[in-house]
1. I need the peptides 138-149, 97-108 ranked by packing, meaning the mean over residues of other C-beta atoms within 10 angstrom, with the highest value on top.
2. Using alpha carbons only, how many angstrom separate the centre of region 235-267 from the centre of region 102-169?
3. Run the count for region 95-215, please: Lys pairs, Cα-Cα under 23 angstrom, 8 or more apart or on different chains.
4. Could you pull the Cα extents of region 82-283 along its three principal axes, largest to smallest, in whole Å?
5. State the antiparallel share, in %, of DSSP beta bridges confined to the chain, rounding to the nearest 5.
6. I need the helices of the chain that pass two filters: whole DSSP H segments spanning 27 Å or more by Cα along the axis, and mean Kyte-Doolittle score no lower than 0.5.
7. Report relative contact order for the chain in percent, whole number only (criteria: Cα-Cα under 8 Å, sequence separation at least 6).
8. Just going by the charge dipole of region 94-147, with Lys and Arg at +1 and Asp and Glu at -1 on Cβ, which of Ile99, Ile140, Thr127 is farthest out on the positive end?
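Each reported figure results from applying straightforward, stated rules to the coordinates on display, with no laboratory input. All values reported here derive from a predicted model rather than from experimental measurement. Heads up, the Cβs are rebuilt from the backbone with ideal geometry, glycines too, and the neighbour counts pull from every protein chain shown.
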Amino acid sequence: MKNCCEMMNKLRSKKNYFNILKHKFLLKYKNISKNNYHFTFLNKKIKIDNKHLANRNLIHWCINQNLFKKKSPFATEIFYEKKEMKVFEKLIKNSNHFIDVGSQTGIYSLAAYLSKKIKKIICIDITKEYINAIKNNIEINCYNPDKFEILNLGLGTGKICHNEWISKTVTTGHSFNDILNITGLTLSEDDCIKIDIEGWEFFLAGEIGQYFKTYKPNLLLSLHKYEIEKLSDSSVSENSIFDFLSANYRHKYVTDENCILREIKCLSEYQFKVEKDKTIIFSNKKFS
């Protein structure tokens, strides 16, 4: 435990002050703070703290993508990763524990809280500003903070240099064993992990991925084709990650435009609308 804590303290972050000032003073961002924003999961509203810069950036992105609906002059519903969130309802249904790697502002973690069986949610992000946004979102929804454990670290091995719109972070990567040692969790096949780490998932094809040879929690994985190739110096591809995990899971799913799960055996079997980013569900359970 002591070694894990020491590793966590080695994180260094350099803020991008230009983007911070832009989000504070440009009219298109300032106007966001005048409305109330939420998203819906399991037919319940989840509020988003629009005073925090990271949350405002997410809201602005959804508005730019036309992923929103005005509910009243002062209330707006956003639809972030609508297909994936619909599938997430099935994955989290029987989970006692949820690990959200690359949680950003905590959308999936906040949603997981509403699952009836959930006991513990682990939010993990390498960017400090996202950590603060998650905490604000938990507070504004009056959720029990004891159900959450929030870790400011990165998944991987060796040195990780991660660039976000708001800051640049340099830290030492952590394995799943590190994370489980810190949290004291043991995951079952009913539990769920979400990984969305902008290309750093290439580590899953190596040492970090060995975890999935023994433990088989439901895995919601975002694959970032070009970022994977760049960060791994073309030594890892999205196909190699998919093939490695496929050897350890019986079922692989994607979602179609109607939010229906479709089982696949290889990446080329499914025509993705967005070629560079893919979300794959790995599970040992049969979902309809």
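1. 97-108, 138-149
2. Value for the Cα centre distance between the two parts: 25 Å.
3. 25
4. Ordered largest first, region 82-283 gives principal extents of 44, 37, 32 Å.
5. The answer is about 60 percent antiparallel.
6. none
7. Relative contact order here is 16 percent.
8. Going by the Cα projections, it comes out as Ile99.
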